[in-house]
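K.L.:
For reference, the structure I am asking about is given below.
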Amino acid sequence: MAGGAKMHLAVSLSPETAPSHPSDAGPDFGLLARLVQKAEAAGLDMVLLADSAPAAGGGAPHRQVPFEATTLLAALATVTSRIGLVAAASTVAHQPYNLARRFASLDVISHGRAGWHASMVPDPREAANFSRPEGFSRGDFRRRAEEFIGIVQGLWRGWDADALLFDKRGGRFFDPKKMHLLDHKGEFFSVRGPLNVARSPQDMPALVISGLSEPNMDIGARVADVILLDEPSVAKADDLKRRALAFERSPDAITVLMNVAPGAEMAGRPGVIADKLEESFRSKSCDGFNILMPPVLSVLDDFVDLVLPELRRRGLVRQDYRNATLRSHLGLAGEEGQ
């Protein structure tokens, strides 16, 4: 994680806190786009777009959630060219085939910069809007989510990289030997496949998982590309890498990012913030950080203009993108040339 390695940096943005136009006419996509473009100009690995389907009960239906995350990703892909774009999407609010097809399409549209953020934390209010008013037990939710993720990744792998031929003269669209039916029949889902979307330049979208409790650690170690942790823990990071080995994955197949919310203190103490990030990174408790941004545009400005230059001065962050895909930014298998 440390040594000669560079720390990975992401920023989380919540559509429900998207900046509004000064006229109070509603959320302004243009302002949000400029914020993401600022993160791209700074060379950050990726932006994570939060989402929340309207939930029953309490004040939740009145929360401002102006942009559905995958729709927002598609729009942002047209105004950016390098930064990774990761959208949250619930395993409760979607069917695995449609979700797999949507993200595969987004990955092609973005030229290999898309990722899916799957949370392992159930929202009991959400299920009521999707024909499950009784919700899920924790065990059922965990098994269902694991099956869901497995189906999505299986569908993404349904085409070999060179399966599509586009041979108009010979009348051959694809090589049947390089197309693989999923034919999944499980406890919660039955999905035949395949997708009608080709593999992207980065092989398939990156999978980001958060909210890992102890029973879910094996799921993350087995399938995740990026795992988000809420607090620094050398033991937990080491445990995830060991579990990855047990599943015959390289420890480097998982990028562990720690969520941090530096807030307004960045403007007056950029050196102190850089010290804290460096300490956690060099302790090998993580591979980098996911900066949780409050709904204030100046906070990203402070991080990019004050903290990031200090991290680069210390040799902790790469100077620029080395390639065009999200997997390339994160050093994950499946990037171009691998």
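K.L.:
Which is farther than 17 Å from Leu326 by Cα, modelled with pLDDT under 85 and of a type in the set (A, V, I, L, M, F, W, C), of Val92, Val65?
P.N.:
Every option except Val65 fails the conditions.
For (1) open to solvent by 50 Å² or more (accessible area, probe 1.4 Å); (2) of a type in the set (Lys, Arg); (3) farther than 30 Å from Leu31 by Cβ, each residue gets a yes or a no:
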site: Ala77; (1), (2), (3): no, no, no
site: Tyr97; (1), (2), (3): yes, no, yes
site: Arg101; (1), (2), (3): yes, yes, yes
site: Ala128; (1), (2), (3): no, no, yes
site: Glu147; (1), (2), (3): no, no, yes
site: Ala161; (1), (2), (3): yes, no, yes
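K.L.:
Right, another one. What pairs can you find where one residue is in the range 170-184 and farther than 13 Å from Trp156 by Cα, the other is at pLDDT 70 or above and open to solvent by 70 Å² or more (accessible area, probe 1.4 Å), and their Cβ atoms are less than 8 Å apart, with a gap of 6+ or different chains?
P.N.:
As it stands, the answer is Asp183/Arg192; His184/Ser190; His184/Arg192, since those pairs meet every condition given.
K.L.:
Next up: Can you pull out the residues in the range 217-251 that are touching a helix residue (DSSP H, G or I) at 6+ places or on another chain (Cβ under 9 Å), closer than 24 Å to Ala87 by Cβ and open to solvent by 70 Å² or more (accessible area, probe 1.4 Å)?
P.N.:
Arg222, the sole residue that qualifies.
K.L.:
On to the next question. Name every residue in the range 120-167 that is among the aromatic types (Phe, Trp, Tyr) and in a helix (DSSP H, G or I), in order of residue number.
P.N.:
If the condition is that a residue be among the aromatic types (Phe, Trp, Tyr) and in a helix (DSSP H, G or I), then Phe141, Phe148, Trp156 are the ones that fit.
K.L.:
Which residue out of Arg269, Arg312 is at pLDDT 90 or above and either over 29 Å from Leu207 (Cβ atoms) or open to solvent by 20 Å² or more (accessible area, probe 1.4 Å) (or both)?
P.N.:
Arg312
K.L.:
Quick check on the range 6-22. Is at least one of its residues more than 25 Å from Ser328 (Cβ to Cβ), at pLDDT 85 or above and surrounded by 15 or more Cβ atoms within 10 Å (Cβ to Cβ)?
P.N.:
Of the range 6-22, the ones more than 25 Å from Ser328 (Cβ to Cβ) are 14-22.
Narrowing further to those that are at pLDDT 85 or above: none.
Among the residues of the range 6-22, not one is more than 25 Å from Ser328 (Cβ to Cβ), at pLDDT 85 or above and surrounded by 15 or more Cβ atoms within 10 Å (Cβ to Cβ), which makes the answer no.
K.L.:
Separate question: Of all residues in the range 197-206, count the ones that are buried (at least 22 other Cβ atoms within 10 Å of the Cβ) and within 17 Å of the chain's Cα centre (by Cα).
P.N.:
Matching residues across the range 197-206 total 5.
K.L.:
Are any residues in the range 103-119 surrounded by 22 or more Cβ atoms within 10 Å (Cβ to Cβ) and part of a loop (DSSP other than H, G, I, E, B), and if so, which ones?
P.N.:
Ser110, Gly112, Arg113 - these are the residues of the range 103-119 that are surrounded by 22 or more Cβ atoms within 10 Å (Cβ to Cβ) and part of a loop (DSSP other than H, G, I, E, B).
The values are calculated or read from the model by the stated rules, or taken from the named source; none is laboratory data. Quantities reported herein were computed from a predicted structural model and do not represent experimental measurements. Positions of Cβ are backbone-derived with ideal geometry, glycine not excepted, and every protein chain shown enters the neighbour counts. These accessible areas exclude ligands, DNA and RNA; they are computed on the full protein's heavy atoms, side chains included. Shrake-Rupley method; radii C 1.70, N 1.55, O 1.52, S 1.80 Å.
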